[in-house]
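**Q** Before I ask anything, let me first share the structure, which is written out below as structure tokens.
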Amino acid sequence: MNLSDIKLPRELEADRADEAIRRVLGARIVQLWPGSELFIPVIAVGDHLKKVIRRASLNGQVLWGLEAISAKLNREERGITNLREDKGLSTGERVSRLLLLSSDGAERFYRHIERLLQAHAPRLFGCMVDMDGSALGDLVTGREKRVKVVMADHKRVVAEILRAIAIG
């Protein structure tokens, strides 16, 4: 993965936060699963990032669960395809959706994630968070629940989370 090729949300480029974010994302990259061609950033989850994710969850701006996320991305893709065909608009060329993966998923789970990331690139970007599904679930739901994948599905929230990743 070449992070310099990824088009981050415009607001991050406008305030020049994009290079700092790329440096942090590039600090630790792992292969998604043994044999995978996809490598993704692993990020530490500090207090600021936790607050941003929790607030986004409380505001209904994150979705969790592989099935729910897949369904939403597929619906959005159909809409994007219609816009391209009907109006000739170029859409979906920037990161506008962000997947956060727990670090304790099974290989089968990560294979599904890889297909999802490939199918919805470049608008979908994924990072592995340095926490297990129980901690991620507690963060996004506020209760004891295992959550292996979370998607920020609003451009503004994606930018906030990426900015918080860079802060540490």
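**Q** Please go through region 20-47 and pick out each residue that is surrounded by 13 or more Cβ atoms within 10 Å (Cβ to Cβ) and in a helix (DSSP H, G or I).
**A** Hits for region 20-47 are Ala20, Ile21, Arg22, Val24, Leu25, Gly26.
**Q** Given (1) touching a helix residue (DSSP H, G or I) at 6+ places or on another chain (Cβ under 9 Å); (2) at pLDDT below 95; (3) not in a loop (DSSP other than H, G, I, E, B), identify the lone condition not met by Leu100.
**A** Exception for Leu100: condition (2).
**Q** Select from region 34-62 the residues that are touching a Gly at 6+ places or on another chain (Cβ under 6 Å) and among the hydrophobic types (A, V, I, L, M, F, W, C) and list them in ascending order.
**A** Of everything in region 34-62, just one residue is touching a Gly at 6+ places or on another chain (Cβ under 6 Å) and among the hydrophobic types (A, V, I, L, M, F, W, C), namely Ile40.
**Q** I would also like to ask the following. Please give the number of the condition Gly137 fails out of (1) part of a helix (DSSP H, G or I); (2) within 14 Å of the chain's Cα centre (by Cα); (3) more than 20 Å from Val24 (Cα to Cα).
**A** Condition not satisfied by Gly137: (2).
**Q** Got a sec? Which of Met151, Met131 is part of a strand (DSSP E or B) and among the hydrophobic types (A, V, I, L, M, F, W, C)?
**A** Met151
**Q** Moving on to the next point. Hey, any hits in region 113-124 for a residue that's basic (Lys, Arg) and in a helix (DSSP H, G or I)?
**A** Scanning region 113-124 turns up at least one residue that is basic (Lys, Arg) and in a helix (DSSP H, G or I).
**Q** Now, a different point. Are there any pairs with C-beta distances below 7 angstrom linking a residue in region 97-121 that is under 21 Å from Ser134 (Cβ atoms) to a residue that is basic (Lys, Arg), with the two at least 6 apart or on different chains, and if so which?
**A** Sorted first by the residue in region 97-121, then by its partner, the pairs are Leu101/Lys148; Ser102/Lys148; Gly105/Lys148; Phe109/Lys148.
**Q** Another question about this same structure. Any idea how many residues of region 102-143 are touching a strand residue (DSSP E or B) at 6+ places or on another chain (Cβ under 7 Å) and polar (S, T, N, Q)?
**A** 2
The values are calculated or read from the model by the stated rules, or taken from the named source; none is laboratory data. In this text, all values refer to a predicted model and were calculated from it rather than measured experimentally. Methodologically, a virtual Cβ is constructed for each residue, glycine included, from the backbone with ideal geometry; neighbour enumeration extends over all protein chains shown.
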